[in-house]
Amino acid sequence: MSTMPPCGVLTPKDFKSELRPIWCPGCGDYSVLQAVYRALAAVNRPPHEIAFVSGIGCSSRIPGYTTAYGFNSVHGRALPIAQGIKMARPDLLVLAAGGDGDGFSIGGGHVAHAIRRNVDITYIVMDNQIYGLTKGQLSPTSARGTKTCTSRLGSLEQPVNPLLYVLGYGCAFVAQGTPADMPGLTAIIEEAIRYPGFALVNIQSPCVTYGEEDQLIKAHRARMTTLESLGHDPSDLIKAMDKAQHYGTELYTGVFYRNPEPPATFEGLAAERKQEMMKSAPPREKILDLFLQK
Ligand SMILES: Cc1ncc(C[n+]2csc(CCOP(=O)(O)OP(=O)(O)O)c2C)c(N)n1
Ligand code: SF4
């Protein structure tokens, strides 16, 4: 970890670790990493106040390429670990990241519970619609018909819609980005970090080795539409769900939903409960009496 720079002068370089990324040349995850550096610099929290947790996958290598405290953990388990860290150290800025397989296949069950608890974590999903690390099998977000080594004649399954999934569980901040729009991607990561509660950023991050042609950055650039240009109102949940339904056909970028009244966080409620219990707790001597059944 780098030494802490003076307050107020953090730059993207301060978040760059000495490890050299080993992603394939052209992988979208490089751009995600750059956007994370820029967003963290804008948020201006020093690296030693940041915990960055991931699962397993190509994308899950990302914490190691930053100067934050990182944990490249277990496949599908980034969120339980990130929640534990935030509960133990609510003062830390906690980020979680991983692939679509990590988040919506093996780790899919955790997403719902992290959302309903509303622990203040920013969850960055690098959604390349494939299992990259294990050499290109179908992932939960692969489009129907996708041909891979495990689906030679094309996938028969309906893909998971990650945007609708999280909106359905009540996620208070939901955004989508692509490396084809770096300023937009950086802005939504920064906004997600600043949002007080569980926030999801789904990033269409192309896998140049196993991904489909229409998922590459050039194709994204041609077909992406910013929600802002459509006059989308991100405070309207129903409209957010309406736009999210087009996942897989349209590439909408920007903030789908931002609850204008952020719900209470789990760590905030837990701290309040602790205060209440301390107030009503019997004095120490009394506890000893009770214990000794005097
Ligand atoms: C418990 C467990 N099951 C399966 C694996 C094998 N495995 C490692 S990464 C991965 C999926 C990777 O895809 P994704 O999460 O989308 O990330 P990507 O590599 O595409 O970034 C799988 C199935 C594992 N490491 N652990
Ligand atoms: S296999 Fe795909 S996701 Fe993994 S590093 Fe290469 S391009 Fe990126």
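Each value in this text was obtained by applying a stated rule to the coordinates, not by laboratory testing. These numbers were taken from a predicted model, which means no experiment stands behind them. Glycine also receives a Cβ, built like all others from the backbone with ideal geometry; neighbour counts cover every protein chain displayed.
Multiplying the sequence separation of Ala88 and Arg273 by 0.36 nm and subtracting their Cα-Cα distance, what value in nm do you get? List each step's numbers first, then the result.
Values: separation 185, 0.36 × 185 = 66.60 nm, distance 1.51 nm.
My answer for the length gained is 65.1 nm.
Given H placed 1.01 Å from N in the peptide plane, which residues other than close sequence neighbours of Tyr257 have an amide H under 5 Å from its amide H?
So Tyr257 has HN proximity to Val174.
Provide the gained length on full extension for the span Cys24 to Arg221, in nm with one decimal, where the gain is 0.36 nm per separating residue minus the Cα-Cα distance. Don't jump to the answer; show the numbers that get you there.
Details: separation 197, 0.36 × 197 = 70.92 nm, distance 2.03 nm.
Full extension of this stretch gives 68.9 nm more.
Counting DSSP beta bridges with both partners in the chain, what percentage is antiparallel, nearest 5?
Working: 7 of 36 bridges.
Approximately 20 percent, going by the DSSP bridge assignments.
Give me the one-decimal Kirkwood hydrodynamic radius in Å for the chain, with the sum taken over alpha-carbon pairs.
Numbers: mean 1/r = 0.0504 Å⁻¹.
Taking every pair of different Cα atoms in the chain, averaging 1/r and inverting gives 19.8 Å.
If you fit an axis through the alpha-carbon atoms of helix 108-117 and take the longest principal axis of the Cα set of the chain, what angle between them do you get, 0 to 90°, nearest 10?
Roughly 40 degrees, rounded to the nearest 10.
Calculate how steeply helix 78-88 sits against the longest principal axis of the alpha-carbon atoms of the chain, using the helix alpha-carbon long axis, and give the answer as 0 to 90 degrees to the nearest 10.
30 degrees
When the chain is treated as a GNM, springs tying every alpha-carbon pair under 10 Å, which of Leu133, Leu79, Leu251 comes out with the largest mean-square fluctuation?
Residue with maximal mean-square fluctuation among Leu133, Leu79, Leu251: Leu133.
Within the chain, count lysine pairs with alpha carbon atoms under 24 angstrom apart where the residues are 8 or more positions apart or belong to different chains.
For the chain, the number of qualifying lysine pairs is 9.
Quick one: net charge of Glu49's neighbours, Cβ under 15 Å, K/R +1, D/E -1?
Values: positive: Arg45, Lys86, Arg89, Arg194; negative: Asp14, Asp91, Asp120.
Result for the local shell: +1.
For segment 196-213, take each phi angle, set θ = phi - 60°, evaluate the Karplus expression 6.51 cos²θ - 1.76 cosθ + 1.60, and give the result in whole Hz per residue in order, putting x for glycine and proline.
x, x, 5, 10, 10, 10, 8, 10, 6, 10, x, 9, 6, 8, 10, x, 7, 3
Step through the residues of segment 162-171 one at a time and calculate ³J(HN,Hα) from phi using the Karplus curve (6.51 cos²θ - 1.76 cosθ + 1.60, θ = phi - 60°), rounding each to whole Hz and writing x for Gly and Pro.
Whole-Hz 3J(HN,Hα) from phi for segment 162-171: x, 5, 5, 4, 6, 5, x, 8, x, 5.
Provide the net charge surrounding Thr146, with neighbours chosen by a C-beta distance below 10 Å and charges set as Lys +1, Arg +1, Asp -1, Glu -1. Intermediate results must be reported in sequence, preceding the final value.
Details: positive: Arg144, Lys147; negative: Glu157, Glu212.
Result for the neighbourhood of Thr146: 0.
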